[in-house]
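Quick notes on the structure that follows.
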Amino acid sequence: MTRHLRKRSFRLAGHRTSVALEPEFWAALEAAATRRGSSLAGVVAEVDAARADPALPLASALRLFALREASAAR
């Protein structure tokens with residue numbers, strides 16, 4: 001893991017997992033959670049459950065979600 005990534009841990013479907021993202025993506029995800037009236041953990045769980053392809057890494061799914069949410073918020 002490189003220095004510019006920030007790692008956070010969550011419990012998803014009964015298992016602990018860690019995700020490393022750039023701080024800007026964490027900020028976008030936190031903003032999306034606030035707009036939805038949810039927690040960051042809730043948004044991460046929602047994205048995890050909605051992955052159509054379980055082979056898609058959770059970090060990638062979260063980045064794509066953050067981009068879609070940022071575009072929709074404009």
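Values quoted throughout were computed directly from the atomic coordinates according to the rules given, and no laboratory measurement underlies them. Everything quoted here is computed from the prediction, not taken from an experiment. Cβ atoms come from the backbone with ideal geometry, glycine included; neighbour counts cover every protein chain shown.
Observations, loosely collected:
- Segment 24-74, residues that are touching a helix residue (DSSP H, G or I) at 6+ places or on another chain (Cβ under 8 Å), of a type in the set (S, T, N, Q) and either more than 20 Å from residue 6 (Cα to Cα) or in contact (Cβ under 8 Å) with a residue 12 or more places away in the chain (or both): 38
- Within segment 4-16, residues that are aliphatic (A, V, I, L, M) have Cβ atoms under 6 Å from residues that are surrounded by 11 or more Cβ atoms within 10 Å (Cβ to Cβ) in these pairs: 5/20; 12/45; 12/48, counting only partners at least 6 apart in sequence or on another chain.
- Filter result for residue 19 (outside any helix (DSSP H, G or I), surrounded by 11 or more Cβ atoms within 10 Å (Cβ to Cβ) and in contact (Cβ under 8 Å) with a residue 24 or more places away in the chain): yes
- Looking only at residues in segment 52-74 that are surrounded by 10 or more Cβ atoms within 10 Å (Cβ to Cβ) and outside any helix (DSSP H, G or I), the one that is nearest to the chain's Cα centre (by Cα) is 57.
- Any chance residue 49 is part of a helix (DSSP H, G or I) and surrounded by fewer than 13 Cβ atoms within 10 Å (Cβ to Cβ): yes
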